[in-house]
Amino acid sequence: MTDHDLRMPCSEADVRKLRIGDHVTLQGTLFGIRDATQIHMFDKGRNTRFDLNGHAVIHTAPNVRKVEPSEQFPVGYAPLCVGTTTSARMERFTRPLMKQYGVRIIIGKGGLGDESLKAFADLGGVYVAIIGGTAALETTWIETIEDVDLDDLNPESLWKFRIRNFGPLRVAMDSHGGSLYDTVRRDAAGRRAAALASMGVRG
Amino acid sequence: MIVDLAVAEETAKLLYIRALKLLPDDVKEGFARLDAGESDATAKDVLATMIRNIDVAEKTDNLLCQDTGIPIYNVTIGRNVDVDGFALKEAIRRGCARATKEYPLRSSIVHPLTRVNEHTSCGRRVPVINIDFSDTEDELLIEMIPKGSGSENGSFLKMCIPAEGVDGIKVFVIDKVLEAGGRVCPPTIVGVGVGGTADLCVHLAKIAATRPLGTSCDDPDGARLEEELTTAVNSLGVGPQGLGGDSTAFAVHVEMAATHITMNPVAVNIQCHSARRASATFTPDGIELGF
């Protein structure tokens, strides 16, 4: 297990170095993306003016406050509470997000599936697990909301956060076919029969 | 007792914000209990982050989780309470919308077909307002639950048949916990509804999922089933966030209703580790806030 400190954007080589169980802390820029954002980008043909190449995205729709635009809050949004949503719903967007936009890191909770794992191997990417339901803590790692696109989808806009010491987070799926979720799922499925037998369920 | 509707509106607003910020003591104790019994190093680490987050939320006066949930208000009206029920529902709805606008909270509520968000946390039939009655004199209870969507998506119903018996119920619960994995933000409270009609069964599962930790089903057979299922679920190794470990669920809760001779329905509704609740009890002496 290795600790990594990555300034965004990063290269394919940077991401290929990451292995499941490693810890990673991100610096610089992080993009927030969610169901509606990706439905509009990939099903409804909308484009973003942001360059996501080599970047990390987090599955999120934050709580924000509208404020007067200022140096501190350039687009008039102050972050109030930024957390993470369940990633599994967005499984089918992993490959296009990587292929069309060059995204290298997806941060979320609960894990992604086999298709994403294959995309990470083919194109060079990782899934990084953040602890769901710990938004108060995550918010302390966000410096500001630098920019926003597709804001008619608010709160599921495409958010550009400036981050500092975002982590440490755990690499849960890597570009070498490793998935912590697969390991746990297989192990848990193997314990099913014993769990049922413990309650007297006839097999 | 006459209920002041302006106060009820203000309370509905306050309860939504309070629920999003302060985790009930029974859930905090649940974390301490799981942490003490956890044998997996990664799981220990994940639980520590969750416990730290509860502290950060209190110290920074912030929301525990970004998900403001689907707002649910459970209203229990005691005897001799003088209230215009329709007006009370309207007051609660206004309070919910004001919490969203004035705090401001993320409105997580959209039209189910157009997906349009009115940014009020309200919409058709939302907030969910459940009304019930109790035999308590001069008391009105409002409980607010911001039900997180990650765990609400872990909801399942099966119309088992009588021949499947209690075994059918047990198999269903275990399989749904396995299927939900880390998506429902474990450690969870697994709510199980048994019996009733299809809709009542699912509603019972929600009551079970949102019941305080440390409480038991008031039917002895139901209470035994809770104990068996809690032990079995925590033997699966799903662990906090689905990353492995002993702490898959704080508890499995069961709520029951009588059912038909041809039926054996079972429902699962899951509550995430951010098991948020807030309540206000109105009496002639004033309003007391709790969980």
Does segment A:173-199 hold any residues that are more than 7 Å from chain B (Cβ to nearest Cβ) and crowded, with 18+ Cβ neighbours inside 10 Å, and which are they?
A:Met173, A:Asp174, A:Ser175, A:Gly178, A:Ser179
Looking at segment B:242-261, is at least one residue of a type in the set (Ser, Thr, Tyr), closer than 25 Å to B:Leu178 by Cβ and surrounded by fewer than 16 Cβ atoms within 10 Å (Cβ to Cβ)?
no
Given (1) without any contact (Cβ under 8 Å) to a residue 40 or more places away in the chain; (2) surrounded by fewer than 21 Cβ atoms within 10 Å (Cβ to Cβ); (3) within 17 Å of the chain's Cα centre (by Cα); (4) within 24 Å of A:Tyr181 (Cβ to Cβ), identify the lone condition not met by A:Arg7.
(4)
Can you find even one residue in segment B:131-148 that is over 30 Å from B:Gly181 (Cβ atoms), outside the structural domain of B:Arg183 (by TED's automatic domain parsing), in contact with a helix residue (DSSP H, G or I) (Cβ under 8 Å, 6 or more places away or on another chain) and surrounded by fewer than 20 Cβ atoms within 10 Å (Cβ to Cβ)?
yes
Hits in segment B:93-127 (condition: within 19 Å of the chain's Cα centre (by Cα), in a loop (DSSP other than H, G, I, E, B) and more than 9 Å from chain A (Cβ to nearest Cβ)):
B:Ile109, B:Ser121, B:Cys122, B:Arg125, B:Pro127
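Results for (1) more than 10 Å from chain A (Cβ to nearest Cβ); (2) in a loop (DSSP other than H, G, I, E, B); (3) closer than 29 Å to A:Val184 by Cα, shown as yes or no for each residue.
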residue	(1), (2), (3)
B:Asp199	yes, no, no
B:Lys206	yes, no, yes
B:Leu229	no, no, yes
B:Ala232	no, no, yes
B:Gly244	no, yes, yes
Return the residues of segment B:208-227 that are in a helix (DSSP H, G or I) and under 15 Å from the mean Cα position of the chain (by Cα); say none if nothing qualifies.
B:Ala208, B:Ala209
Mind counting the residues in segment B:180-200 that are over 30 Å from A:Leu180 (Cβ atoms) and under 15 Å from the mean Cα position of the chain (by Cα)?
1
Within segment B:169-186, is even one residue crowded, with 20+ Cβ neighbours inside 10 Å, away from chain A (no Cβ under 14 Å) and outside any helix (DSSP H, G or I)?
no
Take segment B:208-227 and flag every residue that is more than 14 Å from chain A (Cβ to nearest Cβ), surrounded by fewer than 24 Cβ atoms within 10 Å (Cβ to Cβ) and aliphatic (A, V, I, L, M).
B:Leu213, B:Ala223
Could you tell me which numbered condition B:Thr281 fails, if it satisfies all but one of (1) over 22 Å from B:Pro220 (Cβ atoms); (2) outside the structural domain of B:Asn74 (by TED's automatic domain parsing)?
(2)
If a residue counts only when it is within 14 Å of another protein chain (Cβ to nearest Cβ) and within 21 Å of A:Lys160 (Cβ to Cβ), which strands (runs of 3 or more DSSP E) contained entirely in segment A:45-124 have at least 3 such residues?
A:63-66, A:77-81
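Conditions (1) buried (at least 17 other Cβ atoms within 10 Å of the Cβ); (2) facing chain A (nearest Cβ under 9 Å), marked per residue:
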position	(1), (2)
B:Val7	no, no
B:Tyr16	yes, no
B:Thr60	no, yes
B:Ala87	no, no
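The values are calculated or read from the model by the stated rules, or taken from the named source; none is laboratory data. Everything numeric in this text was worked out from a predicted model, so none of it was measured. Don't worry about glycine lacking a Cβ; one is built from the backbone with ideal geometry, like all the others, and counts go over all protein chains shown.
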